[in-house]
Structures are given as structure tokens and as C-alpha cells.
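The values are calculated or read from the model by the stated rules, or taken from the named source; none is laboratory data. Just so we're clear, the structure is a prediction, and the values are computed from it rather than from any experiment. Here the Cβ positions follow ideal geometry from the backbone for every residue, glycine too, while neighbour counts run over all protein chains shown. For the accessible areas, the whole protein counts, side chains as well, though only heavy atoms, and no ligand, DNA or RNA atoms are used. Shrake-Rupley method; radii C 1.70, N 1.55, O 1.52, S 1.80 Å.
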Amino acid sequence: MNSNCEIRETSRCDFENILSLWNNGAVMSFVGFPDGLGYTLEKLEDWLTWVMNKPSRCHYSIYNKEIGYCGETFYDVDAETGTSALDIKLLPMAQGKGIAKTALEFVINKAFDEGNAERVYVDPHPDNHKAWTLYGKLGFISKPRPKYLEDYDTYLEITKDEWSRRT
């Protein structure tokens, strides 16, 4: 793990930082919100109760010694299928510094080890070329999207066995 990074479970003390991320149109444009989400502190209270449902779901805040708050990462495991959705978002000032790779390695391990996932997936926007490059470096493979997931254009996956052979 990048020794300059600290990745910790999100708590209320991270709310102001999460708002700065989620309400940033540059960050949220690839997930369909070019003006940001428009979240408030009150909405985050409800969200935190929902998101922290370990071991099947956990959200993390990412910090760097030089930058401070960088962004978030998350896993959500469907116990029936053993499939975990992953997500990561970084502020522009934290991009291109290896932080996303470190954070994704961390959350992948958490999804497999704590969430008991059998496979993890991401579904990057087709035009988010930096994300596609990163996911490829981590061993994600483009596969047909499972029918039990909502329709979307992309689906990249890595299984627990494939991941364990890489590390």
C-alpha cells in the first residue's frame, strides 16, 4: 500500500469532505451528474446509516499526507450471487498519483476478505479512459454483464481466484 495513503471507514467527521467530492461536477460527470449531486449534511446522515452495513457493504474515505482528503471508495456485495460492486472517486488534485490504484487494491481485498465476495466488478463510463486503463492494470476483464444487474453499457470483473493469483 502507498505509505502516503490512509484509507479508513467513513464516519461523520468525513461529511464535509464527501460533500466537496459529491457536489463537484468534474468528479461526478462520469456518473451522470455534471453539476454534482447537490447533497446536504442532512442527506448524508441517512446515507451513512444505509452504507455502513458490514460485512456486505462498506464505504471508505481516502487521505494522503501531502494532499489531505482525496476521495472515496466503496464495496457492496450481493450475498446471493457473491458479486460485489466497487466504486472509487477522487478529487482532480488527487488523480494521476497512484492513489486510485492503492485504494482499489485496498477495497478489492476488503470485498473478498470481509465481504466474502467471489467476484468484484466495476462499470466505468465508456469515455473514462483513465479508469479503463487503471482497471486493466489491476486485472479486470470485460465480460458480458450478468442478467441480475441493471442494464448498463460496461462491465469489468475480476474473480477472487484471479485476484489471488495476481497478489
Can you give the accessible area of residue 132, probe radius 1.4 Å, in Å² rounded to 10? 80 Å²
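If each DSSP helix of 4+ residues adds -39,500 (n - 2.57) and the sum is divided by the residues in the chain, what number results at 222 nm, nearest 500 deg cm²/dmol?
Working: 6 runs with 54 residues, N = 167.
The helix contribution divided over the chain gives -9000 deg cm²/dmol.
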Hey, what angle do you get for helix 99-113 against the long axis of the chain, alpha-carbon based, 0 to 90 degrees rounded to 10? 60 degrees
Below 16 Å, Cα to Cα, which aspartates and glutamates can residue 43 reach? Residues fewer than 8 away in the same chain don't count. 14, 16
When we measure straight from the Cα of residue 147, which aspartates and glutamates land under 18 angstrom away, once same-chain ones fewer than 8 places off are left out? 76, 78, 80, 118, 123, 157
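Carbon and sulfur: what percent of the chain's accessible surface (1.4 Å probe)?
Working: 4360 of 8850 Å².
For the chain, the apolar C and S fraction of the accessible surface comes to 49 percent.
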Obtain the nm distance between the two label points defined at residue 65 and residue 43 by a simple spin-label model: each point lies 7 Å from its Cα along the Cα-to-C-beta direction. 3.6 nm
Where a Cα-Cα gap under 24 Å defines reach, which lysines qualify for residue 101, not counting those fewer than 8 residues away within the same chain? 54, 65, 89, 110, 130, 137, 143, 160
Sequence ranges 105-114, 89-98, ranked by mean other-Cβ count within 10 angstrom, highest first: 105-114, 89-98
